[in-house]
1. Among the numbered criteria (1) under 13 Å from the mean Cα position of the chain (by Cα); (2) at pLDDT below 95, which one does residue 32 miss?
2. Could you count how many residues in region 85-128 are touching a residue at least 40 places away in the same chain (Cβ under 8 Å), in a strand (DSSP E or B) and out of contact with any helix residue (DSSP H, G or I) (no Cβ under 9 Å at 6 or more places or on another chain)?
3. Is region 73-84 home to any residue that is under 26 Å from residue 25 (Cβ atoms), modelled with pLDDT of 95 or more, touching a helix residue (DSSP H, G or I) at 6+ places or on another chain (Cβ under 9 Å) and not in a loop (DSSP other than H, G, I, E, B)?
4. How many residues does region 43-66 contain that are closer than 29 Å to residue 114 by Cα and either loosely packed, with under 12 Cβ neighbours inside 10 Å or free of Cβ contacts under 8 Å to residues at least 60 places away in the same chain (or both)?
């Protein structure tokens with residue numbers, strides 16, 4: 001069962017951004033990415049605690065707002081099994097007044113009984129809240145060869 005507060009937590013700091021922001025941001029982003037894709041691959045219907053009513057998802061040019069709408073879209077995708085393989089992850093601070101961050105993920109995914117992986121990219125804008133983070137913006141795209 002998914003806890004209401006995800007296990008990824010920022011390093012304790014009295015500053016809005018930690019003193020060594022890139023190291024801490026990369027560690028937080030790595031924890032988030034591992035948690036998100038493990039949850040997505042095992043039971044994507046349980047991703048709601050990561051989103052808020054004002055969160056937005058752009059999924060292959062379709063837009064959804066709010067945790068319920070986002071999870072309805074993700075849970076309704078037309079496959080029963082999926083496995084993400086992360087190739088790269090980059091994170092940067094998103095603002096100077098909050099410990100928010102932008103996380104870019106690229107990788108491959110396999111759905112169902114497919115043997116040919118699809119390439120994807122996904123961007124998360126993570127916002128701090130009560131010692132943890134939630135997804136403010138989520139942009140997902142499959143990447144097709146030219």
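1. Residue 32 satisfies every listed condition except (2).
2. Residues meeting the conditions: 1.
3. Taking every residue of region 73-84 in turn, at least one turns out to be under 26 Å from residue 25 (Cβ atoms), modelled with pLDDT of 95 or more, touching a helix residue (DSSP H, G or I) at 6+ places or on another chain (Cβ under 9 Å) and not in a loop (DSSP other than H, G, I, E, B).
4. Of the residues in region 43-66, 11 are closer than 29 Å to residue 114 by Cα and either loosely packed, with under 12 Cβ neighbours inside 10 Å or free of Cβ contacts under 8 Å to residues at least 60 places away in the same chain (or both).
The values are calculated or read from the model by the stated rules, or taken from the named source; none is laboratory data. Keep in mind that this is a model prediction, so the values were computed, not measured. Counting neighbours? That spans all protein chains shown, and the Cβs are built from the backbone with ideal geometry, glycine included.
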